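Data first, discussion second: the structure below is written as structure tokens.
Values quoted throughout were computed directly from the atomic coordinates according to the rules given, and no laboratory measurement underlies them. Please read these numbers as outputs of a predicted model, since none were measured by experiment. Here Cβ is always computed from backbone atoms with ideal geometry, including for glycine, and neighbour counts include all displayed protein chains.
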Amino acid sequence: MDENAVQVIVDKAFRTYEAETGLPRHNQNMGNFEKLFRLANRGIGIMLACGFLIGIPAAIASVLEIVKFARGH
């Protein structure tokens, strides 16, 4: 079974559910989820950027301290 067949089955199930319950799916909800996922992706990107901005200088400072200690200064 390929992806298209699965989509057809799911769409048919949703249409049947809507017909039986009278509760249509809302495209607005999907738009809200897209906004939430967009914000989550931005947050992850910001966290990674901060990690690099803080982590790289910290790693360099650690290496310098290790080298100083190893040289006996």
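Observations on the model:
- The C-alpha atoms of the chain define a longest principal axis, and helix 27-71 lies at about 10 degrees to it.
- Each of Thr21, Ala5, Cys50 was scored by the projection of its Cα onto the charge dipole of the stretch 3-71, and the greatest displacement toward the positive side belongs to Cys50; charges sit on the C-beta of Lys, Arg, Asp and Glu.
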